[in-house]
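The values are calculated or read from the model by the stated rules, or taken from the named source; none is laboratory data. Just so you know, these numbers come straight off a predicted model, no measurement behind them. Please note: Cβ atoms are built from the backbone with ideal geometry, for glycine as well, and neighbour counts cover all protein chains shown.
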Amino acid sequence: AAKEQGRNCYRYFTSSMQEKALYRRQLANELRLALNSSQLQLHYQPIVELTTGNMTKAEALIRWCHPTLGMVSPAEFIPVAEETGIVIGLGDWVFHQAAQQAARWRTLHDPEFQISINKSPLQFRDKGNDISRWIDHLRALGLPGQAIAIEITEGLLLDASKAVTDKLLEFRDAGIEVSLDDFGTGYSSLSYIKKFDVDNIKIDQSFVRSLKAGSEDLAVCEAIIVMAHKLGLKVVAEGIETNEQRALLAAAGCDYGQGSLFSMPLPEEEFSALLSSKEVTEEVAI
Ligand code: C2E
Ligand code: MG
Ligand code: MG
Ligand code: MG
């Protein structure tokens, strides 16, 4: 189609495509090297129980501090990692970091602390025996499956092959919870939730952003919460930024919240400090 629109357009199209491809190839090469350096880090964002305010879980979010580009967003490099297969090694790295961190925070702060990690659809195509390796690793750290949860998106369920559904079952058999991330943005079919038996639904931030009393977004959130609870699932609302959003979601019976109102994702040490300060204020309150 670009060719029909004339020569200039065609040339412009190709060169920008080439530039993009080049940039992505460069990013991929650097990402491969970054995997074995300290450029990659996990940040942690609290997942808060809305009724008590307790931070009982955290989501691990990857950060890449590139030597010349600065912070590269996961929204930019995860797709590159997927295209090149790097995401498999990256996923293992994320899992190992998160498991170690879960072991530390379960010892120091809360014996039931759970860390959620994101798993992109491509990671499910790994033919390797990753789940049994993961379970062995958890056992070696003295952790039950419940220390870790995985977040998947609806896209995975859409074209779910038997291999994918088998893997999801293996996670759940090991006690590793499965959360459906960004719920409401894809082909959120109720039948998927039933068929795949997930543990948690994460309402996408696009529904939370303009939440107001009497709004359509609130009606959608309320409907998701009622449905999820009837199916025995817990609900997490993402992107809570104001007290009003929190109050409306709590009143609607939402179980957990995540967002800048509580804290944006933090490096390990700052998250630890947040956990400690919470404990101090709670002790003072008693
Ligand atoms: P996600 O899993 O839906 O993560 C939530 C995103 O929302 C995070 O962006 C988080 O920083 C941001 N966020 C949280 N609270 C607020 C808020 O109150 N307001 C606003 N405006 N944003 C908020 P982040 O860290 O840039 O991650 C983007 C996406 O990249 C994630 O979306 C996830 O899909 C992907 N990702 C991140 N880490 C990993 C990873 O280790 N592996 C894989 N496969 N994907 C990852
Ligand atoms: Mg997520
Ligand atoms: Mg999300
Ligand atoms: Mg997302």
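Anything in the stretch 137-162 that is within 16 Å of ligand 2 (Cβ to nearest atom), modelled with pLDDT of 90 or more and out of contact with any Lys or Arg (no Cβ under 9 Å at 6 or more places or on another chain)? List them, or say none. Can you show your working first?
Initial filter on the stretch 137-162 (within 16 Å of ligand 2 (Cβ to nearest atom)): 148-157.
The next check asks that each one be modelled with pLDDT of 90 or more; those that pass are 148-152.
Passing the criteria: only ILE148.
Just to confirm my filter: which helices (runs of 4 or more DSSP H) fall fully inside the stretch 169-253 and include at least 1 residues that are out of contact with any strand residue (DSSP E or B) (no Cβ under 9 Å at 6 or more places or on another chain) and among the hydrophobic types (A, V, I, L, M, F, W, C)? Write out each step before concluding.
On the way: elements: 190-196, 205-208, 216-230, 243-251.
The helices (runs of 4 or more DSSP H) meeting that bar are 190-196, 216-230, 243-251.
So LEU61 passes all but one of these: (1) within 16 Å of ligand 4 (Cβ to nearest atom); (2) farther than 20 Å from ALA21 by Cβ; (3) buried (at least 21 other Cβ atoms within 10 Å of the Cβ). Which condition number does it fail?
Exception for LEU61: condition (3).
Looking at the stretch 170-209, which of its residues are of a type in the set (S, T, N, Q) and either surrounded by 19 or more Cβ atoms within 10 Å (Cβ to Cβ) or within 15 Å of the chain's Cα centre (by Cα) (or both)? Break it down stepwise before answering.
Keep residues of the stretch 170-209 that are of a type in the set (S, T, N, Q), which gives 179, 185, 188-189, 191, 200, 205-206.
Answer for the stretch 170-209, where residues must be of a type in the set (S, T, N, Q) and either surrounded by 19 or more Cβ atoms within 10 Å (Cβ to Cβ) or within 15 Å of the chain's Cα centre (by Cα) (or both): SER179, THR185, ASN200, GLN205.
With respect to ALA103, determine if the residue is out of contact with any helix residue (DSSP H, G or I) (no Cβ under 8 Å at 6 or more places or on another chain) and in contact (Cβ under 8 Å) with a residue 24 or more places away in the chain.
Working: out of contact with any helix residue (DSSP H, G or I) (no Cβ under 8 Å at 6 or more places or on another chain): no; in contact (Cβ under 8 Å) with a residue 24 or more places away in the chain: yes.
Considered against the rule, which asks whether it is out of contact with any helix residue (DSSP H, G or I) (no Cβ under 8 Å at 6 or more places or on another chain) and in contact (Cβ under 8 Å) with a residue 24 or more places away in the chain, ALA103 comes out as no.
Go over the candidates VAL280, VAL226, VAL220, VAL235 one by one and state the one that is hydrophobic (A, V, I, L, M, F, W, C) and closer than 30 Å to HIS137 by Cα.
On the way: VAL280 fails: closer than 30 Å to HIS137 by Cα; VAL226 fails: closer than 30 Å to HIS137 by Cα; VAL220 fails: closer than 30 Å to HIS137 by Cα.
Selected residue: VAL235, the only one of VAL280, VAL226, VAL220, VAL235 that is hydrophobic (A, V, I, L, M, F, W, C) and closer than 30 Å to HIS137 by Cα.
Which of (1) in a helix (DSSP H, G or I); (2) touching a residue at least 12 places away in the same chain (Cβ under 8 Å) is the odd one out, the single condition SER260 does not satisfy?
Status for SER260: all satisfied but (1).
Across the stretch 110-135, which residue is farthest from ligand 4 (Cβ to nearest atom) among those that are surrounded by fewer than 18 Cβ atoms within 10 Å (Cβ to Cβ) and at pLDDT 95 or above?
Only one residue fits best here, namely PRO111.
Only one residue in GLN41, GLN97 is surrounded by fewer than 15 Cβ atoms within 10 Å (Cβ to Cβ) and in contact with a strand residue (DSSP E or B) (Cβ under 7 Å, 6 or more places away or on another chain), so which one is that?
Working: GLN97 fails: surrounded by fewer than 15 Cβ atoms within 10 Å (Cβ to Cβ).
Just a single option satisfies the conditions, and that option is GLN41.
Mind listing just one residue for me: the one in the stretch 210-240 that is under 18 Å from the mean Cα position of the chain (by Cα) and not hydrophobic (A, V, I, L, M, F, W, C) and, of those, farthest from ILE152 (Cα to Cα)?
Within the stretch 210-240, the subset under 18 Å from the mean Cα position of the chain (by Cα) is 233-240.
The next check asks that each one be not hydrophobic (A, V, I, L, M, F, W, C); those that pass are 234, 238-239.
Working: LYS234: 15, GLU238: 14, GLY239: 17 Å.
Within the stretch 210-240, the match that is farthest from ILE152 (Cα to Cα) is GLY239.
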